[in-house]
Amino acid sequence: MHSVVGTAANVADVTQVDKLLHGDENMVGADAGYTGVEKRPEHEGRGVIWQIAARRSTYKKLDKRSALYKAKRKIEKAKAQVRAKVEHPFRVIKRQFGYVKVRFRGLAKNTAQLMTLFALSNLWMARRHLLANAGEVRL
């Protein structure tokens, strides 16, 4: 995890994409909440392959036995498998650190707490690598 942005609940996710990208990406995957991000003016000229999940309504109207439906489902499954790997830091925050509900303390405090939790999540996921290179630990 390299960046975290905290916003009010009434701010759409798609408006924050430019703050989350660092510029060296060649592929960006996201859920259906980011539909239309490639059309936004701040992303013109960006050499990125956008892998945005399709809304259910785009393939739900197709016949489930048709080849087009089956192909679209396979594509969406492949996108979901990639997104599942990216969701691992959220699992660490929820299960290892017990952060399952947002406390309404104000936007600044919630954002600061999330940044701390994601930093801890990065350390938690890299703990084996860090401890292997530490050698002898003295207290």
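The values are calculated or read from the model by the stated rules, or taken from the named source; none is laboratory data. The structure displayed is predicted, hence computed values, not measured ones. Note: ideal-geometry Cβ built from the backbone for every residue, glycine included; neighbour counts use all protein chains shown.
Worth pointing out:
- Segment 3-21 - residue that is of a type outside the set (Lys, Arg) and not in a loop (DSSP other than H, G, I, E, B) and, of those, modelled with the lowest pLDDT: 20
- Hey, residue 41 out of contact with any Leu (no Cβ under 7 Å at 6 or more places or on another chain) and either loosely packed, with under 13 Cβ neighbours inside 10 Å or among the aromatic types (Phe, Trp, Tyr) (or both) or not: yes
- Residues that are surrounded by fewer than 10 Cβ atoms within 10 Å (Cβ to Cβ), modelled with pLDDT under 90 and hydroxyl-bearing (Ser, Thr, Tyr) number at least 1 in the following helices (runs of 4 or more DSSP H) confined to segment 51-95: 56-60.
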